[in-house]
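For reference, the structure discussed in these notes is given below.
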Amino acid sequence: MDEQEDDLGREHLAFASGMTMEEVVRSTVRASGDAMMAQVRREAMAARLRVRGHGGTITAMDRMWMRQAIDLAGRCPPSDGAFSVGAVLVDASGQKLACGYSREDDPHVHAEESALGKLNPADARLTGSALYTTLEPCSQRKSRPVTCTEHILRTQISRVIIAWREPSLLVADCVGVETLRADGVIVDELPDWADAAHAVNAHLLGLPQSDKT
Ligand SMILES: [Zn+2]
């Protein structure tokens, strides 16, 4: 109700500022879409906080899933302009739900997006689930409007485990980890897997490349 009143207030102000009817309608639709997404994020955050997994404790299972994510990163079609990343999504009982990798089925899809795209965001199995990804989820991207961080925040994933943070190379400052933590997602880092995650991106990072083809 309050949001509707806000919209009416915004509409009134918009007319007063000389916007056309079409501009007012477009901005009101955008505002109500934003309000709906904010509500989805609020509900997901509340659910995450109710079902918080462990944080800061790295288990043998964590390492096993990260190894699978690293293997998936090795399957990415090569690119000179985007990282190769692997992602595995695991439910609260330790069952694998989905996995994905960069450019898996189209040239722009990211690993986390590909894994999440295989499930309905409202799937109950996502509650308390964990996402293992070899690289920090993006917080800005050129190819699509919705970032992987935002995709994660629209679900009830409670924990994200990464091997390395995105360097200031393709985007100036990735704040995926900070944004996820601010919304109640536990983020754990496995820095001892960073070298393995770097290996498939050696050509982008200016690192010596392996002889393997
Ligand atoms: Zn991404």
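Cβ neighbours within 10 Å, averaged per peptide: list 115-122, 150-157 in order, most packed at the top. Can you show the working numbers first?
Details: 115-122: 16.9, 150-157: 22.8.
Sorting 115-122, 150-157 by mean packing, highest first, produces 150-157, 115-122.
Taking neighbour counts of Cβ atoms within 10 Å as a proxy for exposure, in what order, fewest first, do Val24, Val171 appear? Don't skip to the answer; put the middle values down first.
Details: Val24 17, Val171 14.
By the 10 Å Cβ count, ascending, the order reads Val171, Val24.
Determine one quarter of the surface area of the Cα convex hull of the chain, which equals its mean projected area, and express it in nm² to one decimal. Mind showing how you got there, number by number?
On the way: hull surface 56.3 nm².
That works out to 14.1 nm², a quarter of the Cα hull's surface.
Over the chain, what relative contact order in percent results from Cα pairs under 8 Å that are six or more residues apart? All intermediate terms of the calculation are to be shown ahead of the outcome.
Values: 357 pairs, mean separation 40.2, N = 213.
Averaging sequence separation for qualifying contacts and normalising by length gives 19 percent for the chain.
Arrange the peptides 178-190, 196-208, 123-135 so that the one whose residues have, on average, the most other Cβ atoms within 10 Å appears first. All intermediate terms of the calculation are to be shown ahead of the outcome.
Details: 178-190: 18.0, 196-208: 15.9, 123-135: 23.7.
Those peptides, ordered most packed to least, come out 123-135, 178-190, 196-208.
FYI, it's all coordinate maths here, none of it is from the lab. Bear in mind the structure is a predicted one, so any value in this text is a computation, not a measurement. Note that we place each Cβ from the backbone using ideal geometry, even for glycine, and neighbour counts take in every protein chain shown.
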